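Accompanying notes for the structure given below.
Coordinate-derived values only; no laboratory data. Since we're looking at a predicted model, the values are computed, not measured. In this analysis, Cβ positions are derived from the backbone assuming ideal geometry, glycine residues included, and neighbour counts consider all displayed protein chains.
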Amino acid sequence: MTIQPVTPDPAITEDLIAEGRKAFDLDRAHVFHSWSAQRKISPMTILRAEGPHVWDGEGRRLIDFSSQMVNTNIGHSHPKVIAAIQDQAARIATIAPAHVNDARSEAARLVTDLAPGDLNHVFFTNGGADAVEHAIRMARLHTGRHKVLSAYRSYHGGTDLAVNVTGDARRFDADRSAAGVVRFMPPYPYRSYFHAQDDRQETERALEHLEQVIQLEGAQNIAALILESVPGTAGIYVPPAGYMAGVRELTRKYGVMFIADEVMVGFGRTGEWFAVDHWDMEPDLMTFAKGVNSGYVPLGGVAISDAVYETFAERVYQGGLTYSGHPLACAAAVATINAMKDEGMVENAARVGREVIGPRLREIGDRHPSVGDVRGLGAFWAVELVRDRATKEPLAAYGGSSPEMNELIGECKRLGLLPFANYNRIHVAPPLNTPDEVLREGLDILDQALEVADRHAAG
Ligand code: PLP
């Protein structure tokens, strides 16, 4: 059955659409957008957002396979979280970080309770990038070392240090190689940097390479290794078996702090509370944001191990933020985590990955010549698009877009799907509680839309 273009939802009034048009004009006149050439964009207006859906400026309902910036893990407008924010606003809307407040204390208890190992302390931030900045500062002060290892094809945030630590092309305009960062090649079995024939070889060779980098840089100078547990925006590269355990072993061997960046994958995205849980890893420091409260109010943080905490038990930690542990954000986190537990969202993410998204995407991948690779886990999947499966030539160059990718994204939206796109990839990252029938509907749309990409692929 051919899926028809999505038409405006009659529940969206003409007045609301008019409001949206006014907002669009003001946006174009006054709002400066991230990661964009300002005059070249035409951002989508959102009039309404509920559960796994958003409504665009014309009142069309789209299935949200992006979870926005991969943060609305509980979907849009969850009533329990909205009520918690409203209650907190009515009681204590804001308070300085120096004062105790029950929302922050309870959020810290919940996070440390879920976090692996002895990550028993939390420093709250406003988002992911500042969590990364503080985790690195803590690691440097704890070890007395300066250098930081990070992977190519990674993203760690848009502030100065975080973007310098980033291994993705988005760092190019800000990268001054001035942050003591040394990058290493990550495992990427589909386009192996190590000429590996299988996952076992990829793991072995990637670890051998990493150890050489550590030795050649001088382990005594390396404070931390920061790694996304599953690299996200840069491509959803699920590490091959044995890699993460090997990284942990190397960091222990050389006294390097292991910082797990769980900003995108934390709080259930991959079907475990934290992606490191797939490999039973215990980081020294762990950054989180996004899913901690689904982004209903900005919040991030660093979960800190007992050993790192001890460094600052008698010595002042020079670092802080006016809004560290903001009560509205923390109340939202408490309500989010409790809703996720009560409604079994993390288990559901694991199930839909196994039973719904994974099998369907693999089947889609087999049929469409434009699909080079399908990979992922839980509610976190990448479809990598190519012009030719034999040469693996990407449908958009690294660090850029292409008319063909834009056409594919446009087709998805036309049929009622909001995808997450990056370079030559479409990511499937819906809210963890998206009903199966909505997932199937979205995957059907993607299946049909890919015919547009197939026209540019050999075979
Ligand atoms: N780290 C990772 C893995 C991320 O995916 C992101 C954002 O996408 C960040 C850090 C930065 O987070 P924020 O945008 O909240 O500063």
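General observations
- Evaluation of VAL163 against (1) away from the ligand (no atom under 11 Å from the Cβ); (2) in a helix (DSSP H, G or I) (one fails), failing number: (1)
- In the stretch 30-64, the residues that are away from the ligand (no atom under 16 Å from the Cβ), in a loop (DSSP other than H, G, I, E, B) and in contact (Cβ under 8 Å) with a residue 60 or more places away in the chain: MET44, PRO52
- Qualifying residue in the stretch 115-129 (condition: out of contact with any His (no Cβ under 7 Å at 6 or more places or on another chain), without any contact (Cβ under 8 Å) to a residue 60 or more places away in the chain and in a loop (DSSP other than H, G, I, E, B)): no
- Considering the stretch 227-272, the residues that are among the β-branched types (Val, Ile, Thr), closer than 19 Å to ALA115 by Cβ and in a loop (DSSP other than H, G, I, E, B) include one that is nearest to the ligand (Cβ to nearest atom), namely VAL263.
- Every residue from the stretch 401-441 that is among the basic types (Lys, Arg) and either within 15 Å of VAL383 (Cα to Cα) or part of a strand (DSSP E or B) (or both): ARG425
- Residues of the stretch 407-447 classified as surrounded by fewer than 17 Cβ atoms within 10 Å (Cβ to Cβ) and not charged (D, E, K, R), total: 2
Each row is one residue, and each column tells you yes or no for (1) within 16 Å of the ligand (Cβ to nearest atom); (2) of a type in the set (Lys, Arg); (3) surrounded by 19 or more Cβ atoms within 10 Å (Cβ to Cβ); (4) closer than 23 Å to ASP284 by Cβ.
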{"site": "SER77", "(1), (2), (3), (4)": "no, no, no, no"}
{"site": "VAL100", "(1), (2), (3), (4)": "no, no, no, no"}
{"site": "ARG109", "(1), (2), (3), (4)": "no, yes, no, yes"}
{"site": "LEU114", "(1), (2), (3), (4)": "no, no, yes, yes"}
{"site": "THR125", "(1), (2), (3), (4)": "yes, no, yes, yes"}
{"site": "ALA129", "(1), (2), (3), (4)": "yes, no, yes, yes"}
{"site": "ILE136", "(1), (2), (3), (4)": "yes, no, yes, yes"}
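- Test set (1) closer than 30 Å to ASN338 by Cα; (2) out of contact with any Gly (no Cβ under 6 Å at 6 or more places or on another chain); (3) not aromatic (Phe, Trp, Tyr) - THR13 fails condition number: (1)
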